[in-house]
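What follows draws every value from the coordinates through simple rules; no lab data is involved. No experiment lies behind these values; they were computed from the predicted model shown. Quick reminder, even Gly has a Cβ in these numbers, built from the backbone with ideal geometry, and neighbours come from all protein chains shown.
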Amino acid sequence: MGCNIAQKLIKSHLVSGEMIAGKEISIKIDQTLTQDATGTVAYLQFEAMGVDRVKTEKSVAYIDHNTLQSGFENADDHLYIQTVCRKHGIYVSRPGNGICHQVHLERFGKPGKTLLGSDSHTPTGGGIGMLAIGVGGLDVAVAMGGGAFYLTMPEVVRVNLTGKLSPMVSAKDVILKVLEKLSVKGGVGKIIEYAGEGVKTLSVPERATITNMGAELGATTSVFPSDETTRLFLKAQNREEDYTEILADNDAIYDSEICIDLSALEPLAACPHMPDNIKPVSELEGMKINQVCIGSCTNSSYTDMMKVAKILKGKTINENVSLTVSPGSKQVFNMLAENGALADIIDAGARILECACGPCIGMGQAPSSGGVSLRTFNRNFEGRSGTADAQIYLVSPETAAVSAITGVLTDPRKVLPEGVEISMPEKFLINDNLIISPSDNPEKVDVRRGPNIKPFPVNKPLEETVSAKALLKVGDNITTDHIMPAGAKILPYRSNIPHLSQFCFTRCDEKFPERAKKWGGGIIIGGQNYGQGSSREHAALVPLYLGVKAVIAKSFARIHMANLINSGIIPLVFENEKDYDLIEEGDELVLENIKTCILENKPIVLYNKTKNVYIPLSRTFFDRNAEIIAAGGLLNYTKKQQA
């Protein structure tokens, strides 16, 4: 029996465990990446481990999130990242060099390698045949220290692509169709592997767009073959020596399969407020729009930008629309400037933003009150844009550019039925002058720490019995944006957990931080897919700081559950989902003998003292995770193992 691509990548890096879906395995990590919103804490954690130099083949720190410097906080974090990385053997991509996933794809990603990133969209690397996984910062710190990465062996879903995309239909429409089929929780516990004749028709940037938004499926990662298209992309990046062919065996077995005929697709839109709320653009046509934002790690490649430039050339954006364009990297920006495409974009009236995440994470460009914003981004969670009542639609660059001209949501096929043809460059512009290499004399590097950089919270070993109130009860699909919001006002404090705590869960309940402090912490009650979205471990670290002992939910998103475990917060699942109705905010809850129960995998029962009812719960994590929780988190556990 042959292997699929995912199995080949895992098998070649397997450290422990059996490759049986649902079993715990660990794998060796070749590369890591961080970004500055998660990186500061990740490097503080790495320092706490006491490792002198990273043990990976390549680790890169990107500064692409907190680039809006309205105070000293972001600049101080950047200086800390730059100095701590130079000291410990990590490359640094300076502000302005571009978005981590776009730059890593261009300059560092290698087919066949494993990549662990403290950003949920790290699976972008699957577009060139990497096993690229998004995780919390502490998992990245452990990997940089030479530790293996532990995960549940995923099922592998084959997405069979046939046909070829029609004019003005794009890769964004492919992943939106997959989201429509599988939903935002349909990829949990799975790797999405793309196959079929249709794969050959997609360029590497198109493949990367698709794997990027696999994060919205909740998937462990997504992957494409590494083939001749991959080789030509790497050759154009002057990195042909990094190429390795990786194809699934002809008799490869998959756990399930879905089929998508590329030629049958039409332009799609993800409607407010969830990436799987999909409708054809043709059904939404004529809706007035206020803003269009083009860019993000999903759609900011050279080919994406060139399509936008061709559509805008000689046109003027509608007087009622604000259009922003964010190239994904300095490489893309320079090439647009050199070939005149940037002038076409500017001439049409677009506002050119820096090569950074920007509006995607609420870092500027918040829409007007109740405004309708078309974005080529990957998430449209309520309030994420910075405007609570904004209506965010996720669309392709083609749909976005055409609609910016017409002033209403428009099916781009009606305006340009012949499409816009852009060829991949035979050679990209190569200039890595904004990449800082590690120091050859690390002992001489002085690590700079600004006053906004505070110690991160570290849990204590788990007590035998936990008694606490139900601090908060929330519904299904609660995102990490609900738990720990981002945005221009909050992101600068990512290295200051005490300050961040005043914003925790405020999108669900403005009084939550005050109540958590008054009650001395407590237990969170959640619905399905609790913690979906970003990899930000702040959504676990801040609740830890506020005294959260456990989260009891119907089900968890993968990364957030791992972050809770790494912080020493117990994630438990209702055995019977209807028991969710037996708990209300303020109820007195008791988890008797919880330490013994999770360590010995015995039945767990929650006693609701207020209602005098007993509720059976399940431990859905592995024995090693139980030991981490008992130790008070991964950092304590790692130190204990080292000792």
For segment 466-642, percent of DSSP beta bridges that are antiparallel (nearest 5) comes out at 50 percent
The long-range amide H neighbours of R351, using H built 1.01 Å from N in the peptide plane and a cut-off of under 5 Å, are L323, T324, V325
For segment 514-526, in order, what is each residue's ³J(HN,Hα) by Karplus, 6.51 cos²θ - 1.76 cosθ + 1.60 with θ = phi - 60°, in whole Hz (x at glycine and Pro)? 5, 5, 4, 5, 5, 8, x, x, x, 10, 9, 10, x
Would you mind checking the tilt of helix 558-567 against the longest principal axis of the Cα atoms of the chain, expressed as 0 to 90 degrees and rounded to 10? 40 degrees
Segment 5-264 - charge dipole about Cα centre, Lys and Arg +1 at Cβ, Asp and Glu -1, debye rounded to 20: 300 debye
Fewest Cβ neighbours within 10 Å first, please rank T229, T162 accordingly. T162, T229
In whole angstrom, the spacing between the Cα centers of segment 569-643 and segment 199-219 equals 36 Å
Let me spell out the model: positive unit charges on the Cβ of Lys and Arg, negative unit charges on the Cβ of Asp and Glu, origin at the Cα centre of the chain. What dipole size does that give, in debye rounded to 20? 1100 debye
May I ask for the Rg/Rh ratio of the chain, computed from Cα atoms with Rh as the Kirkwood radius, given to two decimals? 0.95
The ³J(HN,Hα) series, computed from each phi in segment 50-67 with the Karplus coefficients 6.51, -1.76 and 1.60 at θ = phi - 60°, rounded to the nearest Hz and given as x for glycine or proline, is x, 8, 6, 10, 5, 10, 7, 5, 7, 10, 10, 9, 9, 10, 9, 9, 8, 8
Cβ-based net charge around G450, under 11 Å, with every Lys or Arg adding one and every Asp or Glu removing one: 0
Between segment 508-546 and segment 333-363, how many Å separate their Cα centres? 37 Å
Grab the DSSP H runs of the chain that are 4 residues or longer, score each as -39,500 (n - 2.57), total them, divide by all residues and round the 222 nm result to the nearest 500 deg cm²/dmol. -8000 deg cm²/dmol
Rounded if a/c is under 1.5, else prolate if a/b is larger than b/c, else oblate: which is segment 104-150, with a ≥ b ≥ c the root eigenvalues of its Cα gyration tensor? prolate
Please label the shape of segment 466-642 as rounded, prolate or oblate, based on the square roots a ≥ b ≥ c of the eigenvalues of the alpha-carbon gyration tensor (a/c under 1.5 means rounded; beyond that, a/b larger than b/c means prolate, else oblate). oblate
Rank the residues C100, C259, C3 as a footprinting-exposure proxy: fewest other Cβ atoms within 10 Å of their Cβ go first. C259, C3, C100
Could you work out how far helix 397-406 tilts from the main Cα principal axis of the chain, as a 0 to 90 degree angle to the nearest 10? 70 degrees
Got a sec? How would D476, D173 order by Cβ neighbour count within 10 Å, fewest to most? D476, D173
Hey, with R₀ at 56 Å, roughly what FRET efficiency would E510 and E421 work out to, going by the Cβ-Cβ distance, to 0.05? 0.65
For D255, what charge total do you get from the other residues with a beta carbon under 12 Å from its beta carbon, if Lys and Arg give +1 and Asp and Glu give -1? -1
For segment 386-478, shape from the Cα gyration tensor axes a ≥ b ≥ c, cut at a/c of 1.5 then a/b versus b/c, turns out oblate
If amide hydrogens are placed 1.01 Å from N in the peptide plane, which non-local residues have theirs closer than 5 Å to the one on V613? N608
Please sort 48-54, 89-95 by packing, taking for each peptide the average over its residues of neighbouring beta carbons within 10 angstrom, highest first. 89-95, 48-54
Taking θ = phi - 60°, what integer Hz values does the Karplus form 6.51 cos²θ - 1.76 cosθ + 1.60 yield along segment 471-488, in sequence order, with x for Gly and Pro? 5, 7, 10, 10, x, 7, 6, 5, 9, 5, 5, 5, 6, 9, x, 9, x, 5
Segment 407-563: translational diffusion in µm²/s, Stokes-Einstein, Kirkwood Rh over Cα pairs, 37 °C, 0.692 mPa s: 169 µm²/s
Going by alpha carbons, how many degrees (0 to 90, nearest 10) lie between the helix axis of 36-49 and the longest principal axis of the chain? 40 degrees
